[in-house]
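Report on the structure given below.
The values are calculated or read from the model by the stated rules, or taken from the named source; none is laboratory data. All values reported here derive from a predicted model rather than from experimental measurement. Neighbour counts are summed over all protein chains in view; Cβ atoms, including those assigned to glycine, are modelled from backbone coordinates with ideal geometry. Each accessible area value is taken on the protein alone, full model and side chains, heavy atoms only, with ligands, DNA and RNA left out. Shrake-Rupley method; radii C 1.70, N 1.55, O 1.52, S 1.80 Å.
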Amino acid sequence: MSPRKSGRSGADPRDGRDSVDMNESATVRLDRLLTMVPWLLTHQGVEIDVAAAEFGVSRAQIEADLALLFLCGTPGGYHDDLIDAQWEGGQVYVSNADTIARPLRLGVDEALSLMVGLRALAAVPGLGERDAVDRALAKLEAATSEVSGVSAQADRISVDMGVEAEGGGADGERLEGQLAALRRALASHRRVHLSYVVPSRDETTERDVDPMRLVNVDGPWYLEAWCHRAQDVRLFRLDRIADLQVLDVDGTPPADARPRDLDNGIFRPDELSLRVVLDLEQQARWVRDYYPCESMEERDGGGLRVTIATSDTAWLRRLLLRLGGAARVVSPQGLRAEVRSAAELALAHYR
């Protein structure tokens with residue numbers, strides 16, 4: 001095994017023979033240590049200056065690395081768990097490091113998990129290092145080709161991951177189909193017809209859109225597109241798309257259509273947005289994790305007082321009805337009265 005030079009690669013180790021590079025990053029040093037141990041095991045008794053020259057660092061740096069190896073090894077921390085290094089006579093001897101010297105071998109479960117993760121990563125739109133992911137995945141698939149069914153299991157589990165994230169088998173398969181169709185539309189610049197559910201109005205709208213990008217924000221997938229119905233850029237949540245058709249029509253968005261800045265989330269409150277103050281009991285604290293809150297204040301008994309900005313209170317009324325006695329509207333009074341009326345109407349149906 002030919003070690004890769006690290007640190008001051010190619011430098012004469014006699015320059016700064018007794019110095020240690022204090023500005024060296026942990027990544028560079030770890031890379032050298034992982035290469036150094038197998039090399040030293042196959043070069044027992046090598047002169048320390050020869051080792052320094054081989055790795056392009058000073059003698060003092062090599063000695064500091066060897067001292068660090070005393071603290072490295074397998075879990076447990078006992079004498080036989082740690083690497084032993086000796087160099088007092090000017091020659092380096094390393095023992096009890098066979099584990100790190102052996103090539104890494106993945107078990108079937110480990111390889112399967114890694115393949116599933118890589119495939120999920122490769123599906124992320126706009127991934128900058130897609131080539132590296134594809135190469136790693138190809139190597140894993142080639143290495144596991146002799147193990148029957150590993151690749152097929154990875155295919156199945158990658159779909160199952162989507163199902164788990166979206167909460168159901170049929171929904172997961174529908175989402176996979178939608179993503180595939182929309183990616184094709186994006187690649188071929190085709191217009192898409194959507195049947196889109198608007199929960200706040202409890203209606204399904206029909207609209208033609210020119211796709212701009214697919215984004216994943218905090219779990220859900222969204223299609224950002226130029227909407228011909230609204231004559232503006234809109235975000236469409238995929239799990240609210242009842243049906244879609246890729247049309248044989250050019251779907252290039254207008255030149256002035258610009259993607260939205262989603263760094264701060266999907267919803268962008270403004271001065272016209274309604275601020276709703278809620279008191280949440282302890283069992284309803286999860287609301288702060290699922291909905292953007294402008295402010296939060298701890299209350300006695302483990303509860304919270306939160307302020308939520310919204311431009312539509314229909315979804316908020318449904319949330320409050322679902323929470324029952326675990327949430328109370330502090331303000332505005334109008335919303336408080338609406339929720340009370342909706343609750344009384346629901347109770348009347350039971351009576």
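Applying the selection to region 293-319, what residues are open to solvent by less than 40 Å² (accessible area, probe 1.4 Å) and in contact (Cβ under 8 Å) with a residue 24 or more places away in the chain?
Result: G303, L304, V306, T307, I308, A309, T310, T313, A314, L316, L319.
Considering only region 123-132, I want to know if a residue exists there that is at pLDDT 70 or above, within 18 Å of the chain's Cα centre (by Cα), surrounded by fewer than 14 Cβ atoms within 10 Å (Cβ to Cβ) and assigned to a helix (DSSP H, G or I). Break it down into steps so the answer makes sense when it comes.
We begin by selecting, within region 123-132, every residue at pLDDT 70 or above; these are 132.
Okay, now just the ones that are also within 18 Å of the chain's Cα centre (by Cα), so 132.
The next check asks that each one be surrounded by fewer than 14 Cβ atoms within 10 Å (Cβ to Cβ); those that pass are 132.
Still in the running and assigned to a helix (DSSP H, G or I): 132.
Yes.
Note down all Cβ pairs under 8 Å where the first residue falls in region 331-347 and is open to solvent by 40 Å² or more (accessible area, probe 1.4 Å) and modelled with pLDDT of 85 or more, the second is polar (S, T, N, Q) and in a helix (DSSP H, G or I), and they're at least six residues apart or on different chains.
none
Say whether the condition of being assigned to a loop (DSSP other than H, G, I, E, B), open to solvent by less than 30 Å² (accessible area, probe 1.4 Å), modelled with pLDDT of 85 or more and touching a helix residue (DSSP H, G or I) at 6+ places or on another chain (Cβ under 9 Å) is met by at least one residue in region 269-276.
Within region 269-276, not a single residue is assigned to a loop (DSSP other than H, G, I, E, B), open to solvent by less than 30 Å² (accessible area, probe 1.4 Å), modelled with pLDDT of 85 or more and touching a helix residue (DSSP H, G or I) at 6+ places or on another chain (Cβ under 9 Å).
Would you tally the residues in region 72-109 being open to solvent by 30 Å² or more (accessible area, probe 1.4 Å), at pLDDT 80 or above and within 17 Å of V37 (Cα to Cα)?
6
If you go through region 43-51 one residue at a time, do you hit one that is surrounded by 14 or more Cβ atoms within 10 Å (Cβ to Cβ), modelled with pLDDT of 85 or more, assigned to a helix (DSSP H, G or I) and of a type outside the set (A, V, I, L, M)?
Within region 43-51, one or more residues are surrounded by 14 or more Cβ atoms within 10 Å (Cβ to Cβ), modelled with pLDDT of 85 or more, assigned to a helix (DSSP H, G or I) and of a type outside the set (A, V, I, L, M).
Matching residues to (1) within 31 Å of the chain's Cα centre (by Cα); (2) under 30 Å from W221 (Cα atoms):
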| position | (1), (2) |
| --- | --- |
| V277 | no, yes |
| W286 | yes, yes |
| Y291 | yes, yes |
| R299 | no, no |
| V306 | yes, yes |
| L316 | yes, yes |
| S331 | no, no |
| G334 | no, no |
| A342 | no, no |
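What number of residues within region 176-186 are under 17 Å from A120 (Cα atoms) and either at pLDDT below 80 or of a type in the set (D, E, K, R) (or both)?
Going through region 176-186 one residue at a time, the tally reaches 2.
Restricted to region 233-259, and to residues that are part of a strand (DSSP E or B), of a type outside the set (S, T, N, Q) and open to solvent by 70 Å² or more (accessible area, probe 1.4 Å), which residue is farthest from A180 (Cα to Cα)?
Looking only at region 233-259, we keep the residues that are part of a strand (DSSP E or B), and these are 233-237, 241-250.
Checking which are of a type outside the set (S, T, N, Q) leaves us with 233-237, 241-244, 246-250.
Okay, now just the ones that are also open to solvent by 70 Å² or more (accessible area, probe 1.4 Å), so 234, 243, 248, 250.
On the way: R234: 20, D243: 14, D248: 17, D250: 18 Å.
Within region 233-259, the match that is farthest from A180 (Cα to Cα) is R234.
Looking for whichever is basic (K, R), at pLDDT below 90 and out of contact with any strand residue (DSSP E or B) (no Cβ under 9 Å at 6 or more places or on another chain) here; the options are R201, R240, R213. Which one fits?
Only one candidate passes the filter, namely R201.
Restrict the check to region 309-317 and report whether at least one residue is under 30 Å from R190 (Cα atoms), at pLDDT below 85 and of a type in the set (A, V, I, L, M).
Looking for residues that are under 30 Å from R190 (Cα atoms), at pLDDT below 85 and of a type in the set (A, V, I, L, M), one finds none in region 309-317, hence no.
Looking at region 52-71 only, could you name the residues that are in a loop (DSSP other than H, G, I, E, B) and open to solvent by 20 Å² or more (accessible area, probe 1.4 Å)? Spell out the reasoning first.
Kept after step one, since they are in a loop (DSSP other than H, G, I, E, B), are these residues of region 52-71: 56-58, 70-71.
Those that are in a loop (DSSP other than H, G, I, E, B) and open to solvent by 20 Å² or more (accessible area, probe 1.4 Å): F70, L71.
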